[in-house]
Amino acid sequence: MEKILLLGDEAIAQGAIDAGLSGIYAYPGTPSTEIMEYVLGSREAQQQSVRSGWAANEKTAMEAALGMSYAGKRAMVCMKHVGLNVAADAFINSAITGANGGLIVVAADDPSMHSSQNEQDSRFFGKFAMIPTFEPVNQQEAYDMMHYAFDVSEKYGTPVLMRITTRLAHSRSGVIRKPVREQNTLSLPKMRNQFILLPANARKRYKVLLENQDAFLSDSEQSPFNIMHEGKDHSLGIIACGIAYNYLMENYPDRDIAYPVLKVGQYPLPKKQLTELYHSCDELLVLEDGYPVLEEQISSFYGLGKKIKGRLDGTLQRDGELNPNKVGAALGMLHAETLAVPDLVAARPPKLCKGCPHIYSYNALNAALEMHSKGRVFSDIGCYTLGALEPFEAINTCVDMGASITMAKGAADAGFVPAVAVIGDSTFTHSGMTGLLDAVNDQSPITVIILDNATTAMTGGQTSSATGKIEDICEALGVKKEHVIVMNPSPKFHEENMEVFKKEIEYEGVSVIIPRRECLHTAARRIREEKKIKEIESMKN
Amino acid sequence: MKKDIILAGVGGQGILSIAAAIGTAAINEGLYLKQAEVHGMSQRGGDVHSDLRISDREIASDLIPEGKADMILSVEPMESLRYLPMLAADGWLITNTNPYVNIPNYPEIDSIMAEVKKVNQHIAIDANKIAADMGSKRSANMVILGAAAPFIGLPYESLQKAITDIFSRKGEAVVNVNLKALSEGYAFAKKLINN
């Protein structure tokens, strides 16, 4: 079959479609966004009526996917690593309910934090939930794993986790497709009460999960993704997880590696192969892109046994993503001298686009807050987080989705008034609404600024669940109508907007200000699309 | 055959159109390809790069090792220097000379060009001017690709075909402008090598 060029994310999407997917759920988050985007743009997915579209957040997405699995069909839910924190309640409990139709949870990790606030490793979540976890080495394997992972999910009636990292998610390579598989028909779970996690049922279901652990292990030991490559030199044995295997092989252009290598792509850890490697080698080197998950599991707490080298003993840097050079250095290879970056090269941090509406919101807000001491603006996750940088330096926090409103509330509760929250429209419906309800119920004196650019901008302009609903939501949550104020964040209205901010900041209750103007990129794209539609229509006439 | 290319620029400058042209040509030639891109935060006017690897043998890493890149292809002069540690001793530095100034401390362009000239094998081309002279400012990227074409290791015709494929949706006029831009850059580089 013909090779098609796909990003790792796209390979996962195409693999799922070809494996008989019935629905995909997701909230945008780098580096996972392109999985859903690919399905949204796929004609095949449309023809096969695969459900697609953005959810309000990762938890609602996870639950909807679980519901589709309950109904017997194959479902997938995709998110960035920190999104799995949001979905964690549903995710961990789905391991107890089990799955009916195949259920794959995709978490895209971001070691080195290219576009994230931490580099947590989702394999921990897989272990925590005690479910089979997959980690592809390349785009082709990412594609192939979808068929396989749906099979494992349906064979054992369990959700499975697929973990990738930024470099695979956003790297393109040739992929060969498999024949397309039919979707499942509707069916109810075999045990009619397995999804009712009352303690009496949950205890039984937990035992089922525990009993399944042996089967998960034996599946791992026979997995086509866990491969032992023999080597003659047993002074060292190497364990390489996911794309770390590529960085290892890059150091051997002729693939003539002398050490035995265990390539790991499926968890729980393949105990049989690991034990064999341990006993046959003098010491082990563990290569994994992310936390030392595997290394920690096989290292003795008391330092007994053979030497295990990796991120914990300092052979590899403890943080940051791996690359061919780091792995080469861990193998004692000398690094050739390279040119240096000239001193004159200046840092070029990302910034708000020229003419971005957030610029004018921040200019007016900064002016309104001039009379108060610094440190009063609690912000959130989105393009507007760039307001932390020069020349604005307008915000003081950015922690997790929705934390702006609740942290402002906590600070106001402590007596730090005025306290201002700045949050985007999509982030508000993701996780800001419940915090606003808390503030209303407590009558906390906070000013909430919902920057409404009618899109999820930072991840590339996906549909926002909030569009057209923000005032209604705020009023329904109990914010007084006269304190829900829409403004136009334009330099023309700078003075006027600053006065509105000042007045509402003075108000000793919850007020919501909504600076509203469409993101420039989204607007440009919308205008292009509208023009295209008009052209097509005029051709028809 | 193996070519490891670092594509460099500023978010929004469209380095991925160059990647798409080289990638399409490489696939048409039956070569292996891996191309790591940057999505997300840095796309907002920050420095961006893409690791593009083509080879007649299977490629292991999505990332190019330091000191192994055969070429740095940059649409912005200061950005071309940011990746010098990636460049092999006999590698080519090919850069646009037109600065993209969106930071207050952007260095003097003359000092930047002095650093570019320190690299043994380099081509500096004012792609914006060439593209503007052609009446198509937007095709500067294809001018730079043209200047790199003699060193990419792919037949020139193959790049032409890739550009035709990629832009065909946008009509014949767009295809022709981009092919012209490619040939202008190509002629510029050829002239430099022959002198």
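Taking B:GLU115, is it closer than 24 Å to B:ASN194 by Cα and charged (D, E, K, R)?
Numbers: closer than 24 Å to B:ASN194 by Cα: yes; charged (D, E, K, R): yes.
Yes; evaluated as a whole, the condition is true for this residue.
List the number of the failed condition for A:SER171; all other conditions in (1) within 14 Å of chain B (Cβ to nearest Cβ); (2) without any contact (Cβ under 8 Å) to a residue 60 or more places away in the chain hold.
Every condition holds for A:SER171 apart from (2).
If I filter segment B:70-92 for residues that are facing chain A (nearest Cβ under 7 Å) and closer than 19 Å to A:GLY8 by Cα, do I get at least one hit? Don't jump to the end; show me each part of the working.
Step one: list which residues in segment B:70-92 are facing chain A (nearest Cβ under 7 Å), which gives B:78, B:81-82, B:84-85, B:87.
Narrowing further to those that are closer than 19 Å to A:GLY8 by Cα: none.
No, because not a single residue in segment B:70-92 is facing chain A (nearest Cβ under 7 Å) and closer than 19 Å to A:GLY8 by Cα.
Can you pull out every residue in segment A:266-282 that is surrounded by fewer than 23 Cβ atoms within 10 Å (Cβ to Cβ) and more than 11 Å from A:ILE298 (Cβ to Cβ)?
A:PRO268, A:LYS272, A:GLN273, A:GLU276, A:HIS279, A:SER280, A:CYS281, A:ASP282 - these are the residues of segment A:266-282 that are surrounded by fewer than 23 Cβ atoms within 10 Å (Cβ to Cβ) and more than 11 Å from A:ILE298 (Cβ to Cβ).
List every residue pair whose Cβ atoms lie under 8 Å apart, where the two residues are 6 or more positions apart in sequence or sit on different chains, the first residue falls within segment A:323-336 and is free of Cβ contacts under 8 Å to residues at least 60 places away in the same chain and facing chain B (nearest Cβ under 10 Å), and the second residue, located anywhere, is part of a loop (DSSP other than H, G, I, E, B) and of a type outside the set (Gly, Ala, Ser).
A:ASN325/A:HIS335; A:ASN325/B:PRO65; A:ASN325/B:GLU66; A:HIS335/B:GLU66
Condition check ((1) assigned to a helix (DSSP H, G or I); (2) in contact with a strand residue (DSSP E or B) (Cβ under 6 Å, 6 or more places away or on another chain); (3) surrounded by fewer than 20 Cβ atoms within 10 Å (Cβ to Cβ)) across all residues:
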residue	(1), (2), (3)
A:MET333	no, no, yes
A:ASP343	no, no, yes
A:ARG348	no, yes, no
A:LYS351	no, no, no
A:ASP400	no, no, yes
A:GLY432	yes, yes, no
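Quick one: which of A:ILE131, A:ILE92 is assigned by TED's automatic domain parsing to the domain that holds A:GLN47, in a loop (DSSP other than H, G, I, E, B) and more than 30 Å from B:ALA26 (Cβ to Cβ)?
Numbers: A:ILE92 fails: in a loop (DSSP other than H, G, I, E, B).
Criteria check complete, one pass: A:ILE131.
If a residue must be at pLDDT below 95 and over 15 Å from A:CYS519 (Cα atoms), how many such residues does segment A:349-370 contain?
Residues that pass the stated criteria total 2.
Rundown of residues vs (1) surrounded by fewer than 19 Cβ atoms within 10 Å (Cβ to Cβ); (2) outside the structural domain of A:GLY410 (by TED's automatic domain parsing); (3) of a type outside the set (A, V, I, L, M, F, W, C), yes/no style:
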{"position": "A:ASP442", "(1), (2), (3)": "yes, no, yes"}
{"position": "A:VAL448", "(1), (2), (3)": "no, no, no"}
{"position": "A:THR455", "(1), (2), (3)": "no, no, yes"}
{"position": "A:THR463", "(1), (2), (3)": "yes, no, yes"}
{"position": "A:GLY468", "(1), (2), (3)": "yes, no, yes"}
{"position": "A:ALA476", "(1), (2), (3)": "yes, no, no"}
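Counting just the residues of segment B:40-58 that are in contact with a strand residue (DSSP E or B) (Cβ under 6 Å, 6 or more places away or on another chain), surrounded by fewer than 20 Cβ atoms within 10 Å (Cβ to Cβ) and more than 7 Å from chain A (Cβ to nearest Cβ), which one comes out farthest from B:ALA21 (Cα to Cα)?
B:GLU58
Enumerate the strands (runs of 3 or more DSSP E) found wholly within segment B:68-168, keeping only those where 1 or more residues are small (Gly, Ala, Ser) and surrounded by fewer than 15 Cβ atoms within 10 Å (Cβ to Cβ).
Numbers: elements: B:69-74, B:87-96, B:121-125.
In segment B:68-168, B:87-96 are the strands (runs of 3 or more DSSP E) which contain 1 or more residues that are small (Gly, Ala, Ser) and surrounded by fewer than 15 Cβ atoms within 10 Å (Cβ to Cβ).
The values are calculated or read from the model by the stated rules, or taken from the named source; none is laboratory data. These numbers were taken from a predicted model, which means no experiment stands behind them. Every residue, glycine among them, receives a Cβ derived from its backbone with ideal geometry; neighbour counts consider all protein chains shown.
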